[in-house]
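Step one of this worksheet: look at the structure below.
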Amino acid sequence: MKRGLRKLFAAAEEVLSRVFPPAWNPLLNLGALGFFFYWIVVISGIYVYIFFDTGILQAYRSVEYMTVDQWYAAGIMRSLHRYASDGMVVVMMLHMVREWALDRCRGARWFSWVTGVPVMVMIYVSGITGYWLVWDRLAFYVALVTSEWLDAAGIFGEPIARNFLSVEHLNDRFFTLMIFLHIAVPLVALIVLWVHLQRITRPRIHPPRGLAVGVLVSLLVLALVHPATSQGPADPGRVPADLGLDWFYLPLYPFYEKLPGPVTWSASLVLLFLFLSVPWLPPMRRRRPARVDLANCNGCARCFADCPYNAITMVMRSDGRPFAREPRVDPSLCVACGLCAGACPTAMPFRRRAELSPGIDLPDATIRALRERVHAAAARLVERPRVMVFGCEPGVDLTGLGGPAVAAVTVTCAGQLPPVFVDYVLSRDLADGVVITGCAPGSCLHRFGQAWTEARLARRRDPRLRRRVPDERVRTVWAGPLGRARLEAEIAAFRRALAALGETPPVAPAPVSRAVETADG
Amino acid sequence: MAEVLRWLGQGLVYALAAAGVGWFAQNPVWHNFPPDRARLVLALVHGGARVEACRRLSYEEIRRLPPSERRPSTCRRERRPVRVQLRLDGRILYDAWLPPTGLSGDGPSRVYAKFDVPAGAHCLLARLEDRGREDVFAWEREVTVMLPPRGRLGIDFKADKGGFLFHNLEARPGCPS
Ligand code: HEM
Ligand code: SF4
Ligand code: SF4
């Protein structure tokens, strides 16, 4: 199922990428859109609260006033408030499913998932209390079903549902509690969202401007064309029936209404427990976290800058060598993506020493082993022009890609490949061209694998690709799990282009004695 | 041209998303209650009589209590269960002994129950017994109720207001026989 979903997302992203510029693709901005909707909800909420009457018997009239008499301002704000809340649920759910499908909640990344679950619950509580405040027929329904459900737990003394027996039973204090919850719960959710992002670096919490404008304009149009309305005043003398439920917030209410309390309670608790245990279902064999080798570390902090998970901190140097700092890996945060090794200037395949050991490396997928695999793969290349493909493990399936002209080498993430390997492959004449492939554009499992790779190859970010490497012999193909055919087509095209270029230009042998590659080589 | 198509495509995506949000925010309608029925909601909280009346302590008993707890009389606080019965047109709709709440059985008895019945005129007999007697009801009230389709009649009980109370819909005393 995960596989299928992953393909579905990749396909949808691909379709959207045909009309949206890459950065604006809504599916690549789900978390950021969640925040954007949140702010719209807050601002419109403050506005409607000005006109909202907090008495239970007056609330309905005040909301009607906004919708009918002041449709041009408070009415629009009310619609924005409702539809942005719905939009938030949509992007939150898509975001959750996508992070799950892309395995972004596994291993050390459990934290964002487990903090996401209470956020989801709180967003639902906010929406449900929101519908309560309108005190129309739907609000009455929500109040009845919610309180009957809470009563079924048997933890409250007097049945709460009795508060809704008749107009005489209604009380303002309970209504005030709902208003309080409707304001307090989203604020707490915001705090938990902040925690949600603690373990990743540079979270994107603002959508690109173009996308934000598009979303806001569509919300405004929707608010004008189809304003949010109430469904008639609440009447305890009538069973609330034939309601237009908000299926984003209330999809479970029919179940809560119709099924016995013990069933819905146990189902809810089991579901909650399942949600919380998703990161460990099924348990994953984890690679060991990155390890620092101080003897080869010069304290340049590139690993620190490139780690997407806040797993590295730079601390006081401890080995007496004349560098100010050294990296320290927190094993509980490290997801073993290898981006740090790809960033380390001492990950130098040119080193002649048997001991090729960068300052930081994955014990279960070392740079030395990578060089050995490169040599083994190159040895099988017999047909020119030869192409060496580096592909990331999660993003593309490389099985069966290799042949007399094409060699495939897997890396943990495109970002694990130090750019100097490209230079190494070409200047040692191991191949005539290099292709780096991985997850679909913007969907890097390890968040920044693509971004850092592109920046390193374009010589915009350390460690940069040496200037002497001819750009026409290097290609990136962000194929993704669906892109095998595209990858093969691109490789074929690349080989034709290489053939047109002729043989690998002879290059001066690399200065093997130097231990550390300088930025520009 | 391609550029224009891309903008149109974006517009289409936004329009579809907005239409989806707008539609599912209030559709499809949830048909949760048939149009020809009505609902009785029984929701009452009432404490049954104490199991045992208060009684004076003997001098010996008082002497045996710790000094700070000495008092002239003692009351066992447990309550009797309360029996509630609803009959609609002579047919028993509900009949239960409700146990007292609270860890030591000293709290009031409670019930919250719903009954869906055909709309129309009905004779409703509500009875309650709070002293633990079999086949005797200390409180009872018979009313004729006109239940409109989807009407919701609230049935409560307050001893200090004369017993059963009927809310929301008209309930005329007595039934035509
Ligand atoms: C409205 C609610 C939510 C908002 C606004 C939100 C926002 C975000 C943002 C901005 C990111 C960072 C994306 C990036 O830059 O890479 C993120 C990551 C993530 N979120 Fe959420 N989120 C929400 C709810 C949830 C829920 C309900 C779950 C799951 C139960 C969840 C699970 C995750 C996971 C697993 C990650 C990835 C962490 C990683 O890359 O290691 N989020 N979220
Ligand atoms: S492998 Fe390196 S970059 Fe990846 S999480 Fe661990 S320390 Fe960070
Ligand atoms: S990138 Fe390498 S050399 Fe630089 S601080 Fe990290 S481990 Fe040390």
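The values are calculated or read from the model by the stated rules, or taken from the named source; none is laboratory data. Remember, predicted model here, so these are calculated numbers, not experimental data. Every residue, glycine as well, gets a Cβ built from its backbone with ideal geometry; the counts of neighbours run over all protein chains shown. The area values use the complete protein model at the heavy-atom level, side chains included, leaving out ligands, DNA and RNA. Shrake-Rupley method; radii C 1.70, N 1.55, O 1.52, S 1.80 Å.
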Report summary line: The condition from (1) touching a Lys or Arg at 6+ places or on another chain (Cβ under 6 Å); (2) open to solvent by 20 Å² or more (accessible area, probe 1.4 Å); (3) within 16 Å of ligand 3 (Cβ to nearest atom) that A:Asn298 misses is numbered (1)
Query - Residue in region A:468-493 that is most open to solvent (accessible area, probe 1.4 Å), counting only those that are closer than 17 Å to A:Asp429 by Cα and over 32 Å from the mean Cα position of the chain (by Cα) - result: A:Glu472
**Report entry** Residues of region B:154-163 satisfying the condition of being within 13 Å of chain A (Cβ to nearest Cβ) and not acidic (Asp, Glu)
**Finding:** B:Gly154, B:Ile155, B:Phe157, B:Lys158, B:Lys161
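Which one of B:Ala15, B:Ala2 is modelled with pLDDT of 95 or more, open to solvent by 40 Å² or more (accessible area, probe 1.4 Å) and outside the structural domain of B:Ala126 (by TED's automatic domain parsing)? Break it down into steps so the answer makes sense when it comes.
Working: B:Ala2 fails: modelled with pLDDT of 95 or more.
Matching residue, one of B:Ala15, B:Ala2: B:Ala15.
Please specify each residue of region B:48-72 satisfying the condition of being touching a helix residue (DSSP H, G or I) at 6+ places or on another chain (Cβ under 9 Å) and either open to solvent by 90 Å² or more (accessible area, probe 1.4 Å) or within 14 Å of chain A (Cβ to nearest Cβ) (or both). Before you say what the answer is, go through the steps one by one.
Our first condition is that a residue be touching a helix residue (DSSP H, G or I) at 6+ places or on another chain (Cβ under 9 Å); within region B:48-72, this holds for B:70-72.
Result: B:Arg70, B:Arg71.
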Query - Any pair with Cβ under 8 angstrom, 6 or more apart, that starts in region A:100-120 at a residue that is more than 17 Å from A:Arg6 (Cα to Cα) and ends at one that is more than 8 Å from ligand 1 (Cβ to nearest atom) and of a type in the set (Phe, Trp, Tyr) - result: A:Trp110/A:Trp280
Query raised in the report: Among the residues of region A:369-382, is any open to solvent by 20 Å² or more (accessible area, probe 1.4 Å) and either within 14 Å of chain B (Cβ to nearest Cβ) or within 16 Å of ligand 2 (Cβ to nearest atom) (or both)?
Result: yes
Query raised in the report: Out of region A:347-380, which residues are over 32 Å from the mean Cα position of the chain (by Cα) and acidic (Asp, Glu)?
Result: A:Glu355, A:Glu372
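Working carefully through the options A:Arg106, A:Arg162, A:Arg137, find the one that is surrounded by fewer than 23 Cβ atoms within 10 Å (Cβ to Cβ) and within 14 Å of the chain's Cα centre (by Cα). I'd like the intermediate steps shown before the answer.
Numbers: A:Arg162 fails: within 14 Å of the chain's Cα centre (by Cα); A:Arg137 fails: within 14 Å of the chain's Cα centre (by Cα).
Unique residue meeting the criteria: A:Arg106.
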Query raised in the report: What is the number of the single condition among (1) within 16 Å of ligand 3 (Cβ to nearest atom); (2) open to solvent by less than 40 Å² (accessible area, probe 1.4 Å) that A:Asp462 does not meet?
Result: (2)
Requested in this report: Find all pairs meeting these conditions: Cβ atoms under 7 angstrom apart; at least six residues apart or on different chains; first residue within region A:28-49 and among the hydroxyl-bearing types (Ser, Thr, Tyr); second residue more than 16 Å from ligand 1 (Cβ to nearest atom).
Outcome: A:Ser44/A:Met77; A:Ser44/A:Leu80; A:Tyr47/A:Ala74; A:Tyr47/A:Met77
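Mind listing just one residue for me: the one in region A:312-355 that is of a type in the set (A, V, I, L, M) and outside any loop (DSSP other than H, G, I, E, B) and, of those, nearest to ligand 3 (Cβ to nearest atom)?
Here is the first cut: in region A:312-355, the ones of a type in the set (A, V, I, L, M) are A:312, A:314-316, A:324, A:329, A:333, A:335-336, A:339, A:341, A:343, A:347-348, A:354.
Next cut, outside any loop (DSSP other than H, G, I, E, B) only: A:312, A:314-316, A:329, A:339, A:341, A:343.
Numbers: A:Ile312: 7, A:Met314: 7, A:Val315: 11, A:Met316: 13, A:Val329: 10, A:Leu339: 10, A:Ala341: 8, A:Ala343: 5 Å.
Within region A:312-355, the match that is nearest to ligand 3 (Cβ to nearest atom) is A:Ala343.
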Query - Enumeration of residues in region A:296-316 that are away from ligand 1 (no atom under 16 Å from the Cβ) and at negative phi - result: A:Asn296, A:Cys297, A:Asn298, A:Cys300, A:Arg302, A:Cys303, A:Phe304, A:Ala305, A:Thr313, A:Met314, A:Val315, A:Met316
Query raised in the report: What tally of residues in region B:1-47 results from selecting those that are part of a loop (DSSP other than H, G, I, E, B), aliphatic (A, V, I, L, M) and within 8 Å of another protein chain (Cβ to nearest Cβ)?
Result: 1
Query raised in the report: For region A:333-377, what are the residues that are in contact with a Phe, Trp or Tyr (Cβ under 6 Å, 6 or more places away or on another chain) and either within 16 Å of ligand 1 (Cβ to nearest atom) or among the acidic types (Asp, Glu) (or both)?
Result: A:Leu333, A:Val335
